[in-house]
Amino acid sequence: MLTHKTTCRVRYGDTDKMGFVYHANYFRWFEVGRSEMFRSLGIPYKSIESKGFFLPLSEIHCKFNGPSQYDDILLIETSIDTRYKAGMKFDYQIFSEDGKKRLANGYTKHACMDNNGRVVRPPKFLMDIIAKNSNAD
């Protein structure tokens with residue numbers, strides 16, 4: 001399984017009136033994890049789109065396990081579920097900086113579309129890079 005880890009600091013604007021992270025921010029951090037995973041593979045979103053492929057979100061889920069607050073460092077762990085063939089599925093876990101407390105976990109599913117807006121299978125170049133890096137684990 002291909003897994004990538006990155007960190008993110010909670011900004012003051014990420015919190016609600018009670019001082020805890022507002023729930024919708026976890027969805028942003030899922031995107032941070034996914035974007036940084038692609039970047040680490042040498043294929044940032046921008047390069048995928050420049051080849052005429054897009055990954056629109058079709059489904060999202062998040063389970064909240066514990067709160068985080070301003071200035072916390074979050075560890076975002078992103079994995080690609082290679083069993084999902086109808087597009088792409090990413091699994092996420094967000095932990096406290098030390099990795100001991102899981103704060104949230106969830107997934108996103110993405111369709112794959114070409115320049116004409118047609119739903120297509122993920123392109124071979126992308127799947128080859130994922131397969132190559134999955135085998136390296």
Checklist line | Of all residues in region 68-94 being exposed (fewer than 15 other Cβ atoms within 10 Å of the Cβ) and over 16 Å from the mean Cα position of the chain (by Cα), the one that is nearest to Gly33 (Cα to Cα) | finding: Ile73
Next item on the list: Could you grab me the full set of residues in region 102-119 that are loosely packed, with under 14 Cβ neighbours inside 10 Å and either touching a Cys at 6+ places or on another chain (Cβ under 8 Å) or closer than 22 Å to Val10 by Cβ (or both)?
Entry: Val119
Check: How many residues, within region 4-39, are under 25 Å from Leu55 (Cβ atoms), exposed (fewer than 15 other Cβ atoms within 10 Å of the Cβ) and touching a residue at least 12 places away in the same chain (Cβ under 8 Å)?
Finding: 2
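What number of residues within region 66-97 are part of a strand (DSSP E or B) and farther than 15 Å from Lys5 by Cα? Can you show your working first?
Of the residues in region 66-97, the ones part of a strand (DSSP E or B) are 69, 73-80, 88-96.
Next cut, farther than 15 Å from Lys5 by Cα only: 69, 88-89.
Of the residues in that region, 3 qualify.
Of the residues Lys63, Lys100, only one is more than 19 Å from Ser35 (Cβ to Cβ) and not in a loop (DSSP other than H, G, I, E, B); which? Even if it seems obvious, please write down each step before you answer.
Details: Lys100 fails: not in a loop (DSSP other than H, G, I, E, B).
Step by step, each of Lys63, Lys100 is checked, and only Lys63 is more than 19 Å from Ser35 (Cβ to Cβ) and not in a loop (DSSP other than H, G, I, E, B).
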Notebook entry, point to check: Only one of (1) at pLDDT below 95; (2) part of a helix (DSSP H, G or I) is not met by Trp29, so which one is it?
Noted result: (1)
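The values are calculated or read from the model by the stated rules, or taken from the named source; none is laboratory data. Remember, it's a predicted structure, so these values are computed and weren't measured experimentally. All Cβ positions, even for glycine, are placed from backbone atoms using ideal geometry, and neighbour counts span all protein chains on display.
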